[in-house]
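Asker: Take a look at this one; I'll ask things after.
The values are calculated or read from the model by the stated rules, or taken from the named source; none is laboratory data. Please read all numbers here as calculations on a predicted model, not as lab measurements. Every residue, glycine among them, receives a Cβ derived from its backbone with ideal geometry; neighbour counts consider all protein chains shown. Please note that ligands, DNA and RNA were not included when accessible areas were found on the heavy atoms of the full protein model with its side chains. Shrake-Rupley method; radii C 1.70, N 1.55, O 1.52, S 1.80 Å.
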Amino acid sequence: MACLLETPIRMSVLSEVTASSRHYVDRLFDPDPQKVLQGVIDMKNAVIGNNKQKANLIVLGAVPRLLYLLQQETSSTELKTECAVVLGSLAMGTENNVKSLLDCHIIPALLQGLLSQDLKFIEACLRCLRTIFTSPVTPEELLYTDATVIPHLMALLGRSRYTQEYICQIFSHCCKAPDHQTILFNHGAVQNIAHLLTSVSYKVRMQALKCFSVLAFENPQVSMTLVNVLVDGELLPQIFVKMLQRDKPIEMQLTSAKCLTYMCRAGAIRTDDNCIVLKTLPCLVRMCSKERLLEERVEGAETLAYLIEPDVELQRIASITDHLIAMLADYFKYPSSVSAITDIKRLDHDLKHAHELRQAAFKLYASLGANDEDIRKKIIETENMMDRIVNGLSESSIKVRLAAVRCLHSLSRSVQQLRTSFQDHAVWKPLMKVLQNAPDEILVVASSMLCNLLLEFSPSKEPILESGAIELLCGLTQSENPALRVNGIWALMNMAFQAEQKIKADILRSLSTEQLFQLLSDSDLNVLMKTLGLLRNLLSTRPHIDKIMSTHGKQIMQAVTLILEGEHNIEVKEQTLCILANIADGTTAKELIMTNDDILQKIKYYMGHSHVKLQLAAMFCISNLIWNEEEGSQERQDKLRDIGIVDILHKLSQSPDTNLCDKAKTALQQYLA
């Protein structure tokens with residue numbers, strides 16, 4: 001019986017709540033404008049900090065009426081302003097509230113309001129727009145739909161410090177792609193916002209700074225412009241440096257460091273500039289200390305990772321600044337059982353976001369260890385680090401998994417670590433698990449790392465082979481993602497290097513000649529080059545060459561012919577001629593060349609080519625075909641003399657290139673022996 005009573009009770013509570021809210025909406029329809037104004041003011045007071053009340057008013061249809069009043073020419077400016085304030089308050093509720101407002105087409109109505117001459121009304125509209133555009137559910141494209149909006153917002157920047165703050169905040173939240181940067185840049189964002197960095201209002205300075213960080217990100221055009229901008233006789237980078245001094249608020253220090261980082265990565269500031277080495281880098285390292293809040297530590301580490309990623313010298317400097325490598329180990333112990341956080345809300349928040357710290361630490365370790373062997377060693381020797389990275393591969397957060405794989409990939413560039421730590425921790429096991437079922441962005445990095453684990457000196461190569469890697473890698477070569485095709489074929493190439501006949505046969509069987517042809521005609525140059533590399537490795541050592549050519553000779557010769565006839569660059573042709581040279585080294589396989597007049601003419605053509613690399617590769621083919629000590633050499637020499645090869649050898653023996661000259665003379669000696 002109790003269950004039956006539950007629904008009516010809930011219904012009556014809900015109807016009571018909506019009834020208490022209905023009179024607010026009813027008053028919006030009063031014929032007396034003064035009563036309507038008072039109704040809107042009362043509604044404003046009722047919704048402040050009350051999400052339930054906000055939701056009720058939205059359900060009861062308050063939004064369309066408020067928007068109607070906001071746009072009515074007969075409404076007083078005071079009423080319009082109060083309507084904008086209430087709408088802004090409703091937007092500050094839940095994401096569903098914002099969705100409801102967007103469904104009612106609030107943005108065009110508020111943008112229309114910006115054409116008013118009344119400053120208070122403009123500010124109220126901008127404040128509401130700011131709240132809506134900073135919500136994650138609002139598509140930033142809505143700011144750019146009407147081409148007149150951005151120039152009008154630029155013009156409003158001079159009206160008051162509130163218009164400056166709100167407009168800069170809208171810009172920094174809605175600048176998410178290169179075309180957004182271009183639109184804002186072309187409408188004078190740099191010139192219009194630069195002077196705001198010296199505003200008396202901290203909020204304005206801060207929002208202007210955030211604007212510059214999103215405008216400069218991966219944008220050389222904006223970054224090159226920023227370097228030369230003067231504000232009150234001072235260059236912008238100097239202003240940013242002042243803003244990242246220790247006495248400034250942390251938010252300001254971090255955002256200034258981001259601006260300088262992005263300008264540096266975009267090529268506008270040199271990596272050895274003092275403002276990077278002595279100011280930006282130390283500031284970002286400071287942000288990684290455990291005294292900072294979780295968000296600051298995450299942002300500091302991620303920005304530092306981005307700054308040092310391509311530069312060895314910055315990686316070395318960072319690694320010895322404030323014991324950074326050891327400091328990052330604390331990112332994995334947060335929050336600790338003896339945490340100093342007494343604020344329960346803060347503790348709850350940090351527990352939910354602790355994975356972001358691990359992700360940031362992995363990213364920074366990956367950048368630190370990208371090039372230097374000593375740094376990699378230090379990272380791996382940091383307490384339980386390999387265990388932590390391996391554990392990161394199976395975390396529930398995809399971002400942590402990706403960062404952990406990137407970190408391992410960075411460390412796997414070390415021959416020493418591949419032979420020791422990677423083997424001790426059997427890293428290949430969790431990596432193979434990751435490769436079984438992961439999104440493309442993780443697969444790309446994980447398969448790239450697998451290429452390193454399959455190098456011939458890696459002890460992991462054997463167990464990886466035994467765990468079904470060939471099938472997995474052949475599967476990757478069929479991916480629509482070119483990066484995955486490259487990695488799949490690259491790993492197979494490494495696997496085939498100096499491999500046993502059985503492994504080579506397994507690769508060819510799993511890959512299939514159809515797929516091999518597909519890869520040899522791939523539009524991606526890297527895929528083609530790695531496929532040729534795989535073929536070279538498969539066709540090495542005589543018994544293997546003869547065995548493979550006896551079963552796949554026809555198709556391989558066909559592929560070689562197609563590539564030598566095609567429009568390919570020097571490197572591709574060179575690799576292809578090297579494959580022919582390997583075939584020519586076989587005992588029985590060389591007959592596939594000798595009985596193919598078309599191929600012989602092609603070798604002859606490349607011997608006389610203008611590019612030395614191709615001449616040398618063609619020479620290798622000839623040398624392998626005419627070598628005296630091998631059976632049938634006399635017949636082969638005679639046939640090659642008949643098609644004019646000896647004449648070309650005489651010419652090449654006079655070549656100014658010593659390498660080519662020596663090879664030609666050695667080949668001629670075979671005829672004289």
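Asker: LYS290 versus (1) surrounded by 16 or more Cβ atoms within 10 Å (Cβ to Cβ); (2) in contact (Cβ under 8 Å) with a residue 40 or more places away in the chain: which is the lone unmet condition?
Answerer: The number of the failed condition is (1).
Asker: Filter the range 434-462 down to the residues that are among the small types (Gly, Ala, Ser) and under 22 Å from the mean Cα position of the chain (by Cα) and list them by number. Don't jump to the end; show me each part of the working.
Answerer: So in the range 434-462, the residues among the small types (Gly, Ala, Ser) come out as 438, 446-448, 458, 460.
The answer is ALA438, ALA446, SER447, SER448.
Asker: Name the residue that is nearest to GLY553 (Cα to Cα), counting only residues in the range 599-615 that are open to solvent by 30 Å² or more (accessible area, probe 1.4 Å) and in a helix (DSSP H, G or I).
Answerer: My answer is GLN601.
This table checks each residue for (1) in contact (Cβ under 8 Å) with a residue 12 or more places away in the chain; (2) buried (at least 22 other Cβ atoms within 10 Å of the Cβ).
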site	(1), (2)
MET224	yes, no
VAL229	yes, no
PRO237	yes, yes
ALA301	yes, yes
VAL312	yes, no
ALA318	yes, yes
HIS323	no, no
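Asker: Kindly provide the set of residues from the range 505-531 that are farther than 23 Å from GLY468 by Cα and either open to solvent by less than 10 Å² (accessible area, probe 1.4 Å) or of a type in the set (Val, Ile, Thr) (or both), ordered by number.
Answerer: LEU528
One line per residue, one yes/no per condition, for (1) assigned to a helix (DSSP H, G or I); (2) under 24 Å from the mean Cα position of the chain (by Cα):
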residue: ALA194; (1), (2): yes, no
residue: GLN207; (1), (2): yes, no
residue: ARG246; (1), (2): no, no
residue: CYS259; (1), (2): yes, yes
residue: LEU284; (1), (2): yes, yes
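Asker: Taking interchain pairs and intrachain pairs at least six residues apart, which have beta carbon atoms under 7 angstrom, with the first residue in the range 541-565 and assigned to a helix (DSSP H, G or I) and the second open to solvent by less than 80 Å² (accessible area, probe 1.4 Å) and among the basic types (Lys, Arg)?
Answerer: Cβ pairs passing all conditions: HIS544/LYS504; ILE548/LYS504; LEU564/LYS573; LEU564/LYS602.
Asker: Moving to a separate point now. Quick one: in the range 68-125, which of the residues that are acidic (Asp, Glu), in a helix (DSSP H, G or I) and within 24 Å of THR148 (Cα to Cα) is most open to solvent (accessible area, probe 1.4 Å)? Break it down stepwise before answering.
Answerer: Start the filter on the range 68-125 by keeping residues that are acidic (Asp, Glu), which leaves 73, 78, 82, 95, 103, 118, 123.
So of that shortlist, the ones also in a helix (DSSP H, G or I) come out as 78, 82, 95, 103, 123.
Pick out the ones that are also within 24 Å of THR148 (Cα to Cα) and you get 103, 123.
Numbers: ASP103: 118, GLU123: 10 Å².
Top of the filtered list is ASP103.
Asker: Being assigned to a loop (DSSP other than H, G, I, E, B) and open to solvent by 100 Å² or more (accessible area, probe 1.4 Å) is the filter here, so list the residues in the range 630-671 that pass it.
Answerer: GLU631, GLN654, PRO656
Asker: Confirm whether ILE626 is closer than 27 Å to HIS544 by Cα and at pLDDT 95 or above.
Answerer: Answer is no for this residue.
Asker: Restricting to the range 442-467, count the residues that are charged (D, E, K, R) and crowded, with 16+ Cβ neighbours inside 10 Å. Before the answer, list the steps.
Answerer: Pass one, the range 442-467, residues charged (D, E, K, R): 456, 461-462, 466.
Those still in the list that are crowded, with 16+ Cβ neighbours inside 10 Å too: 461.
Selection size over the range 442-467: 1.
Asker: Out of the range 558-579, which residues are at pLDDT 95 or above and either under 13 Å from THR513 (Cβ atoms) or aromatic (Phe, Trp, Tyr) (or both)?
Answerer: Hits for the range 558-579: nothing passes.
Asker: Kindly list, by first and then second residue, each pair from a residue in the range 652-673 that is farther than 18 Å from ALA581 by Cα and modelled with pLDDT under 90 to a residue that is surrounded by fewer than 16 Cβ atoms within 10 Å (Cβ to Cβ) and not β-branched (Val, Ile, Thr), limited to pairs with Cβ atoms under 6 Å and residues at least 6 apart or on different chains.
Answerer: So the pair list comes out as ALA673/ASN628.
Asker: Restricting to the range 535-572, name every residue that is among the basic types (Lys, Arg) and either over 35 Å from the mean Cα position of the chain (by Cα) or buried (at least 22 other Cβ atoms within 10 Å of the Cβ) (or both).
Answerer: Step one: of the range 535-572, the residues among the basic types (Lys, Arg) are 536, 542, 547, 554.
ARG542, LYS547, LYS554 - these are the residues of the range 535-572 that are among the basic types (Lys, Arg) and either over 35 Å from the mean Cα position of the chain (by Cα) or buried (at least 22 other Cβ atoms within 10 Å of the Cβ) (or both).
Asker: Could you tell me whether any residue of the range 147-163 is open to solvent by 70 Å² or more (accessible area, probe 1.4 Å), modelled with pLDDT of 95 or more, within 23 Å of ASP103 (Cα to Cα) and of a type outside the set (A, V, I, L, M, F, W, C)?
Answerer: yes
Asker: With the requirement that a residue be assigned to a helix (DSSP H, G or I), under 24 Å from VAL285 (Cβ atoms) and open to solvent by 70 Å² or more (accessible area, probe 1.4 Å), what does the range 374-403 give you?
Answerer: Hits for the range 374-403 are ASP374, LYS377, LYS378, GLU381, LYS399.
Asker: Taking the range 49-66 on its own, how many of its residues are within 19 Å of GLU78 (Cα to Cα) and open to solvent by 10 Å² or more (accessible area, probe 1.4 Å)?
Answerer: So the count comes out to 2.
Asker: For the range 197-232, how many residues meet the condition of being acidic (Asp, Glu) and under 16 Å from ILE183 (Cα atoms)?
Answerer: 1
Asker: So, one more: (1) of a type outside the set (Phe, Trp, Tyr); (2) modelled with pLDDT of 90 or more; (3) under 20 Å from SER510 (Cα atoms); (4) outside any loop (DSSP other than H, G, I, E, B): which one isn't true of GLN478, the others all being true?
Answerer: Exception for GLN478: condition (4).
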